[in-house]
Every structure is written in C-alpha cells, then in structure tokens.
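Before any comments, here is the structure.
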Amino acid sequence: MPEIFPRLWRYCLVLSGNRDTAGDLAQATCLRALEKASQFEPGTHLDRWLFRLAQRIWLNELRANAVRRGGGLLSIDEIELPDEKPGTEMNFFASQVLREVYSLPEAQRVAVLLVYVEGFSYKEAAKVLDIPIGTVMSRLAAGRAKISHKLGDEKTGAV
Amino acid sequence: MNTGDYITDEDLTVYLDGEAAPELAQRITHALRGDGEIEHRLEALRIPLDELRSAMDSLTGQAPAMPPLPSSKGQSRRSGGVIAAGVVVGILLGGVIGYSVPGRVDNDWKAYVAAYQALYVNKTLSDVHISSLQAAAMLGDLSSVLGLDLGSVSNDPVLNFKRAQLLGYNNNPLVQIAYLSPSGEPIALCITLIESRAAEALTVGTMQGMASASWTKDGYGFLVIGGSDETIIRASALRFKAALSG
C-alpha cells in the first residue's frame, strides 16, 4: 500500500477537492482495506480495489459531512500546482489544464482522472465507480467537451 | 454509445480513447476522410492529455506520508474478528509485486506486439505457404478493417511474405503481417489505429532484444520488428512507409 498511497491520496483529493478531507479519506481507506483484507482477491489490482473502497467511503460516509462544512467545495488555491519554474509556459498551461479539470462536476473529473491519468479502461473505471460503462463514456465525453471549450485555441498537442 | 448511423460525441470520445469496437472505429475513420463536420466535432473533444498527466503527476509529489496503520492485533479488535497476518502481508506485498501501471494506448501496443513477436521462431513461419491469390484476399479483408490499403505489402523485394492476420488491442484492430528475412529470422509489420493523428518520424530502436522501427501517420501506428539487424529493419520500415503512404 505504501507504493500506491500517493495515488490514492490524489484520487481522494480529486473526489473531495480538499487536502484535509483527502488525507482523512485516504487514511480511512487504508484502515478499511485492512479490515476487509480477506475480501481482496490475490492477483487482482490492489489500486483499483483501494480506489473502489475510497469511492464507497466518500459517498456513504464522508461526502455529506464535507459538503455541509464547506470542505467539499472546491478550493482552487489548495490544489494549485507546485510552481517549480515560475513563468514557464508549460507550467502555466499545465496549471490551467488542471484548473479546468477541477472545475468539472465531481462525477466527470473523477472519470477523467481514472481513465486519462490512471490509464484505467472504461470497464475498470466503471467497476471502481460502480456505474455502467455507458455512463463512463457520457461523463468523459462531457468532460472532454467542457475542457476543450474552456481551453479553446491554446490546447496545442491535444489528443 | 452508438445510436444508429449518427456518430455521437460519446462515439467520438470512445474513438479518441482507443476503446471503440472495430466497426465503430472503421466507421469514424471513414467519416473523417469525407466529413469536415465530424473532424470539427472530433477536434472539439480533444484535450491536452500530456499536460493533464504531467500536472496530475505533480500532485502525487504533494501527497503526505502514509499514516501508520494499527497492528493486526489492534485491528482484529476493531473489526471484531481475526485478520490473518498472512492476508495482510499478502496485500502489502501485492502493492509492490502485483501492482502494475496500466498503459497508454498509443504507446503500449508496441510493447505487447514486441512480447508477442519475441515468441516467434523461424519454424513458426517457415512451413507457412499461401498462394498469391490467398494473400491478396487476406490483405483485402484486412485493408477494409483498417481502412488502409495493404495490397502492396506482400510484394516486398527483400522480406519473404508469409501471412497476415487480424489481432486486437484495446478494442482496436491490430494487423500483423509476418515475414522471414533473407537469413530466416521472423519479422513482422504491425499496424493499428491510434488516438493521435499526428505524424511521428520513423524511430529505430530495440524492443525485447529485437530491432524495431516505428512511426505514426494519419491515425495509424506502424511497427516493424524482428531479428537483430537494425539495418534490415530500418530499410524495411522505409520501404513499407513509402508503400503505404500512397
């Protein structure tokens, strides 16, 4: 799990949009994984199983509280990229792309993370999110359209 | 999501993501050649994935350290049952051993092809004999599947054409055309549909211990691989590139 924890935390950050909540959610997920260790099928992907646990904990236990206290609302400042090379065009553009992804509705930005960043297949993403594959497609199509529209002519090298 | 003949944004997204079924991929590929509106809609769905991945990778570097977890003894009390230490160890090891990063569609197909090609020996192909008529029929079918005319690839002046077959990767058709080199080494030309329509110049290298050359053009990825002689692979790739560009 230590190998996967940074990606699990990032997934929790994308889900919750808040660093503190993401930390709580990632920790709760690890604890739940230990409790449910006997349900993990050896030979399957641990990361997908952890993401699925995180998704369920978020939806069933933490999301309502986070939204109620405002922690679930997106704070762009909190997820700003580390500015290692201030002023460079690439860093600015990457930051802008990230900002547009974070401005998507939760369902779309999570689908975008799983498929385009984590590299999950539609089927794997559908399983993590517990939704039909067709819904994954719809969310990705909507996410692509919004990001592309917002970035306009700046999206050089887009695929 | 396919609704009759109309190509939806979901269809185009599936196509961009390399998840389209061969029939849909072929339909869109054909539509793109003659329908500017489809091309425009496809463009409106493209996003800068490299920048997105780069930005998201920066985020993992900001992750806090994994918090210490309770021992299995304490955990057993919490869950009201016994967690076998072996299972927990299995999960922790699974994180290291069982975990693999899923691939990017546009690059990883070559790794799969290379692994497949590494299993070929001379005898895999030396006893394969098909007539020129059969070869033409075979390549005609595969040309339709890919939407690319493959008619010329069975007449290579150096490599001895043996057969062509349809494989698949990520729900996309992948055509493998097999040859034997003059010294009897198995060599393959593989072609698949990829996300990017950008043209990438021919690159020669080594994969799975075999010489390889790859390039992309017009939404197709090409790979020539086999044997250890980079000179033969480079020259063959250049001939195929010229033959398939027309």
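The values are calculated or read from the model by the stated rules, or taken from the named source; none is laboratory data. Keep in mind that this is a model prediction, so the values were computed, not measured. Positions of Cβ are backbone-derived with ideal geometry, glycine not excepted, and every protein chain shown enters the neighbour counts.
Regarding the stretch B:216-227, can at least one residue be identified that is farther than 25 Å from B:Asp17 by Cα and among the basic types (Lys, Arg)? Within the stretch B:216-227, not a single residue is farther than 25 Å from B:Asp17 by Cα and among the basic types (Lys, Arg).
Here is a check on your reading of the model: is A:Leu98 assigned to a helix (DSSP H, G or I), within 11 Å of chain B (Cβ to nearest Cβ) and modelled with pLDDT of 85 or more? So A:Leu98 passes the test. Restricted to helices (runs of 4 or more DSSP H) entirely inside the stretch B:86-159, those with at least 1 residues that are at pLDDT below 85, under 23 Å from B:Asn170 (Cβ atoms) and more than 14 Å from chain A (Cβ to nearest Cβ) are B:105-117. Here A:Ala125 clears all of (1) surrounded by fewer than 24 Cβ atoms within 10 Å (Cβ to Cβ); (2) within 23 Å of B:Thr60 (Cα to Cα) except the condition numbered (1).
Sort out for me the helices (runs of 4 or more DSSP H) sitting completely within the stretch A:1-84 that have 1 or more residues that are facing another protein chain (nearest Cβ under 7 Å) and either modelled with pLDDT of 75 or more or out of contact with any Lys or Arg (no Cβ under 7 Å at 6 or more places or on another chain) (or both).
Numbers: elements: A:5-16, A:19-35, A:46-57, A:63-68.
The helices (runs of 4 or more DSSP H) meeting that bar are A:5-16, A:19-35, A:46-57.
Screening B:Gly205, B:Gly221 for residues that are farther than 15 Å from B:Arg239 by Cα, of a type in the set (Gly, Ala, Ser), assigned by TED's automatic domain parsing to the domain that holds B:Arg239 and touching a Leu at 6+ places or on another chain (Cβ under 8 Å) leaves exactly one candidate, B:Gly221. Of all the residues in the stretch B:190-202, those that are assigned to a strand (DSSP E or B) and touching a Gly at 6+ places or on another chain (Cβ under 9 Å) number 5.
If only one of B:Leu189, B:Leu167, B:Leu223, B:Leu146 is surrounded by 20 or more Cβ atoms within 10 Å (Cβ to Cβ) and either under 22 Å from B:His30 (Cβ atoms) or among the hydroxyl-bearing types (Ser, Thr, Tyr) (or both), which one is it?
Details: B:Leu189 fails: either under 22 Å from B:His30 (Cβ atoms) or among the hydroxyl-bearing types (Ser, Thr, Tyr) (or both); B:Leu167 fails: surrounded by 20 or more Cβ atoms within 10 Å (Cβ to Cβ); B:Leu223 fails: either under 22 Å from B:His30 (Cβ atoms) or among the hydroxyl-bearing types (Ser, Thr, Tyr) (or both).
Selected residue: B:Leu146, the only one of B:Leu189, B:Leu167, B:Leu223, B:Leu146 that is surrounded by 20 or more Cβ atoms within 10 Å (Cβ to Cβ) and either under 22 Å from B:His30 (Cβ atoms) or among the hydroxyl-bearing types (Ser, Thr, Tyr) (or both).
Whether a residue is modelled with pLDDT of 85 or more, within 25 Å of A:Ile131 (Cα to Cα) and either facing chain B (nearest Cβ under 9 Å) or touching a strand residue (DSSP E or B) at 6+ places or on another chain (Cβ under 7 Å) (or both) was assessed, and A:Glu106 does not pass this test.
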